[in-house]
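Just below is one structure, and these are the notes that go with it.
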Amino acid sequence: MTSALKPLDRTAVQTLSGTPANVRHQLNQVRAPYVVAVALPETSDSEASRLSELFSKVALLARQIMASRHEARLATLVEALLPDTVPTPNELKEVTMLAQARSAVLSSGDWMSAADIAQAAGFSASNPSAQPNKWKREGSIFALRHQGNDYFPSYGLGPDHRPLKSLAKVLAVFGAAKDNWGLAYWFMSANSFLGGRRPQDVLASAPERVIAAAHDEMAAVAHA
């Protein structure tokens with residue numbers, strides 16, 4: 001942003017002086033879309049001529065100031081839209097990796113919306129999110145928030161499309177140590193405690209093993 005006034009074309013401002021009749025005649029030659037007229041009572045020809053020149057300079061200066069202020073406002077707006085700090089290459093790399101990881105989770109096909117669950121379980125279609133949200137509040141299941149919607153892990157539901165009891169036990173083990181995305185990453189990642197299998201793949205068939213794997217994860221965090 002610059003505080004200097006940019007020069008404007010002096011021919012962009014034109015003043016006319018003379019009697020009303022003379023000015024009306026001169027206006028026929030003016031191609032400008034707007035005209036500002038100033039009436040000068042008891043003024044001589046020489047005074048009118050000098051004032052006309054003065055008005056021309058004042059009008060030119062006023063337009064320069066208005067143009068400069070407009071440019072300053074635009075620069076301020078652009079500055080407000082820019083990030084407060086310039087991200088480092090490492091930060092950009094981390095953001096890219098995080099976006100890729102979240103995209104992999106969401107595109108895995110392991111997630112159901114509240115409407116999907118309501119339809120599969122035969123819940124009321126008028127308020128499909130009521131029961132899944134109740135489960136979430138109770139700690140029976142977790143959900144990922146994406147573009148204003150909650151998505152629930154299908155691997156955390158039994159054949160009746162109700163949460164597996166083992167899922168609540170795993171969530172209790174982790175508590176606040178993992179957020180919802182952290183839980184999603186853990187469930188979908190190969191786990192050495194489970195012989196390289198993913199927790200989500202054996203949650204229903206070997207729930208105690210998954211619960212033990214969660215305890216092992218927390219123990220490793222505590223010792224780190």
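The values are calculated or read from the model by the stated rules, or taken from the named source; none is laboratory data. Note that the coordinates shown come from a computational prediction; the quantities given were computed from them, not determined experimentally. A quick note on method: Cβ atoms are made from the backbone with ideal geometry, for glycine too, and the neighbour counts reach across all protein chains shown. Note: accessible area is taken over every heavy atom of the protein model, side chains too, but ligands, DNA and RNA are not part of it. Shrake-Rupley method; radii C 1.70, N 1.55, O 1.52, S 1.80 Å.
Values for this structure:
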{"read-out": "The chain - percent of accessible surface contributed by carbon and sulfur, probe 1.4 Å", "value": "56 percent"}
{"read-out": "Dipole magnitude of the chain, debye to nearest 20 (Cβ charges: Lys/Arg +1, Asp/Glu -1, about Cα centre)", "value": "200 debye"}
{"read-out": "Helix runs (DSSP H) in the chain reaching 30 Å along axis by Cα, Kyte-Doolittle at least -1.0", "value": "45-81"}
{"read-out": "Cα→Cβ-extended label distance, 7 Å offset, between Ala177 and Lys57, nm", "value": "8.0 nm"}
{"read-out": "11 Å beta-carbon shell around Val173, net charge (K/R +1, D/E -1)", "value": "0"}
{"read-out": "Descending semi-axes in Å of region 60-103, equivalent ellipsoid built from Cα gyration tensor", "value": "41, 10, 6"}
{"read-out": "Charge-dipole axis of the chain as Lys and Arg at +1 and Asp and Glu at -1 on Cβ define it, positive-most pick from His70, His25, Met97", "value": "His25"}
{"read-out": "Structure-derived volume of the Cα convex hull per residue in Å³ - corresponding label in (1) 272; (2) 105; (3) 231", "value": "(1)"}
{"read-out": "Surface per residue (accessible, 1.4 Å probe) for region 1-132, Å²", "value": "79 Å²"}
